[in-house]
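Since every read-out is calculated from the coordinates, none of them should be taken as a lab result. The structure displayed is predicted, hence computed values, not measured ones. Please note: Cβ atoms are built from the backbone with ideal geometry, for glycine as well, and neighbour counts cover all protein chains shown.
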């Protein structure tokens, strides 16, 4: 009887999922393994169901690597919340005679994969392929997570179009880009598109921020842009900013409901962050007797199922191949489970233990390093209020006039912005 490999996908979609499925299936079958695709992540396995599957053949997957989405779909079902759910997953995998499992997903799916690996006590060998457009898994050598490069490319193209509209119509755009914890995608799009401003959570250096603080940065950028002769512009805000604002403050905003997903995260897609920021900035300018035109846009769903760019196809086919070679014991034979990575062009398996934060017990998150050249260059080309602006009497006079304040009032109100 052939040994069986199961494949499932967890979390949000990312370009390149089908390419992993393609590579895993072909390499497994070429090595006399049977491949079973499992629909909707852990959702049905948690309920003890074994009917939501499909056998995969080479002909089923031969051309899917160039397509976005996931032929196995995906879900955010979390089997780690209850011992009963974990046991149901193990029982279901056993009934399906699956001895090897490939999971494709981000930090939450990696944690679930690690839990399954430990609970199986070696009966099921687990290979996790890191996937997220957020680029927030701690991969060695600074390698991006697959899907990020495609999402950045597509996001940049969309932002280019919005910037042209901004110039043409003489108005501002506030664009929120996905990224629950880390600001990699927002910064990547903003830097590539040369947006006037990009705001990411890492720059604040603290766990909680206020809506007012975010708006101060937006407002001072808009005022500085104005004294430079432009009334148009585009600002990108990382989605995770919404999670850093006190949920109570958000809940007090009319029309905003704070909900959480099965992993306990705030459902950021339900918080209209761009709209909230737009309305507050418009209110501030209205207090000065000015009406300002701002369009709010949220980028996310447009990026997740895009066709992968060649980088992500190339990358994911190697990861999928590596997953099978690991499961077959070509390397790390004493390791029952781990995350498949590339380091200096070579496949590497990171033990799940290396990915776990000892304090939280969860998968570590890779944040933007604000001391890196990557960030410093991006920051240097933004339009932001700086200490030099406040020290230059001519510029300070123009800024305070635009804000309809005295120079002293302007410094007192906004000097803090120059300190982050």
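Looking at the range 149-305, the DSSP beta bridges with both ends there are about 5 percent antiparallel. Per the Debye calculation on the range 149-305 with a single equal scatterer at every Cα and no solvent contribution, log₁₀ I(q)/I(0) for q = 0.17, 0.19 Å⁻¹ amounts to -1.00, -1.24. Over the residues of the chain, the helix contribution to mean residue ellipticity at 222 nm works out to -12500 deg cm²/dmol, using -39500 (n - 2.57) for each DSSP H run of at least 4.
How much length is gained on full extension from residue 280 to residue 169, taking 0.36 nm per residue of separation minus their Cα-Cα distance? Don't skip to the answer; put the middle values down first.
Details: separation 111, 0.36 × 111 = 39.96 nm, distance 2.13 nm.
Here the segment from residue 280 to residue 169 would lengthen by 37.8 nm.
Could you calculate the contour length gain from residue 420 to residue 369, that is, 0.36 nm times the residue separation minus the distance between their Cα atoms, to one decimal place in nm?
Numbers: separation 51, 0.36 × 51 = 18.36 nm, distance 1.39 nm.
Answer, rounded to one decimal: 17.0 nm.
Fully extending the segment from residue 67 to residue 194, taken as 0.36 nm per residue of separation minus the present Cα-Cα distance, adds 42.8 nm. Measuring r between the beta carbons of residue 292 and residue 60 and using R0 = 45 Å, the FRET efficiency lands at 0.25. Across all C-alpha atoms in the range 342-420, the radius of gyration and Dmax reach 21.6, 60 Å.
A protection proxy built from the mean count of other Cβ atoms within 10 Å ranks the segments 166-172, 184-190, most packed first, as 184-190, 166-172.
The value of relative contact order for the range 296-420, using C-alpha pairs under 8 Å at least six residues apart, is 11 percent. Measuring how big the range 5-76 is from its alpha-carbon positions, Rg and Dmax come out at 11.8, 33 Å. Across the chain, the mean sequence separation of Cα contacts (distance under 8 Å, 6 or more residues apart), normalised by length, yields a relative contact order of 21 percent.
Residues within the reach of a label modelled at residue 118 (point 7 angstrom out along Cα to beta-carbon, backbone nitrogen below 12 Å), restricted to the range 342-375, are 352-363.
The alpha carbon gyration tensor of the range 118-239 gives principal lengths a ≥ b ≥ c with a/c of 1.5 or higher and a/b greater than b/c, which makes the shape prolate.
Label sites at residue 334 and residue 356, each approximated as a point 7 angstrom past Cα along Cα to Cβ, lie 1.8 nm apart. Peptide packing for 43-56, 13-26, 348-361, 315-328 was compared via the average number of neighbouring C-beta atoms within 10 Å per residue; ordered from the highest value, the list is 13-26, 315-328, 43-56, 348-361.
Can you tell me the 0 to 90 degree angle between the C-alpha axis of helix 17-30 and the longest principal axis of the chain, rounded to 10? The angle comes out at about 20 degrees.
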